[in-house]
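Below: the structure, in structure tokens.
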Amino acid sequence: MNTENRFSAEQFLTSRRSVRQYQKGLVLSDAELNEILELASRAPSSWNLQHWRYLVVREQANKEKLLKIAFGQQQVADAAAVIIVLGDLEANKVTSKVYEKAAPEIRDLMVKQVDGAYANNPGLARDEAIRNASLAAMQLMLAAKAKGYDTVPMGGYNKDALISEFQIPDRYVPVVMIPIGKAEKEGRATDRLPLEYQVIHERF
Ligand SMILES: Cc1cc2nc3c(=O)[nH]c(=O)nc-3n(C[C@H](O)[C@H](O)[C@H](O)COP(=O)(O)O)c2cc1C
């Protein structure tokens, strides 16, 4: 990466802001949506199991349902789309598909290894689902920005109501809700805690 590219990548990362007021009536086409989701899905994941699923909500009536579920946070009704990133609690079931092009003995080894990890570690499935889906969620927000769209990550919603209203199967855990659209009003600038607070060198 040359100096100029590095500068623009840094600018790109520092200029993302959570946007909470969106232009109403904007359409996010299938083509644009798919481009963003393809980029998001380049995120890394444990064993490459791609624990994320995207529940895409674009119909206004469904966005109005989300408005209630998200305690009246208006951005879910006004954004062009709301993408609910789900984590797969049974991602081990995908191993053989992920490794379908591998040699059969490698594939069998991977299936055994992943199933073993999932069977022997209580809590692993949930940790993996949330950890890996979160990586895709962050990448989704950056991909959206690269395509000229704004986003805001949201955890402020009634999870049980979301699951029941949108009939989300037990296999998936809602990780984050992401309205996506174009800003009516820019997001406010936010600060970060100083690095001295955030970083521990070598050991506690
Ligand atoms: C997991 C998570 C949950 C959040 N939930 C909400 C939310 O429910 N509503 C909201 O307006 N912002 C929400 N935010 C956005 C944060 O307030 C925002 O990211 C933070 O203030 C930093 O601002 P920035 O995103 O503009 O850099 C959430 C962010 C994260 C990462």
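Tabulated data for the structure shown
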| read-out | value |
| --- | --- |
| Karplus-derived 3J(HN,Hα), 6.51/-1.76/1.60, for each residue of region 52-57, Hz, glycine and proline x | 8, 9, 10, 8, 9, 10 |
| Gain in span if fully extended, residue 167 to residue 2, counting 0.36 nm per residue against the direct Cα distance | 54.6 nm |
| Gain on full stretching of the segment that runs from residue 121 to residue 193 - 0.36 nm per residue minus C-alpha separation | 22.5 nm |
| Aspartates and glutamates with Cα under 15 Å of residue 24, excluding same-chain neighbours fewer than 8 positions away | 59, 64, 78, 150, 184, 186 |
| Folded to 0 to 90 degrees: helix 104-120 orientation relative to the chain principal axis, Cα | 70 |
| Spin-label pair residue 29/residue 59, simplified geometry with 7 Å Cα→Cβ offset, distance in nm | 2.3 |
| Mean separation of Cα contacts under 8 Å, 6 or more apart, over the residue count of region 19-184: relative contact order % | 37 |
| Reference-scaled alpha-carbon Rg (2.2 N^0.38 Å with N residues) for region 19-184 | 1.11 |
| For region 19-184, accessible area per residue (1.4 Å probe, heavy atoms of protein chains only), Å² | 51 |
| For region 21-73, Kirkwood radius (reciprocal of mean inverse C-alpha pair distance, Å) | 13.5 |
| Rough spin-label spacing in nm, given labels placed 7 Å along Cα→Cβ, for residue 71 and residue 183 | 2.4 |
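The values are calculated or read from the model by the stated rules, or taken from the named source; none is laboratory data. The structure presented is a predicted model; accordingly, all values stated were derived computationally and were not measured. A quick note on method: Cβ atoms are made from the backbone with ideal geometry, for glycine too, and the neighbour counts reach across all protein chains shown. Ligands, DNA and RNA are stripped out before the accessible areas are found, and what is left, the full protein with its side chains, is counted by its heavy atoms. Shrake-Rupley method; radii C 1.70, N 1.55, O 1.52, S 1.80 Å.
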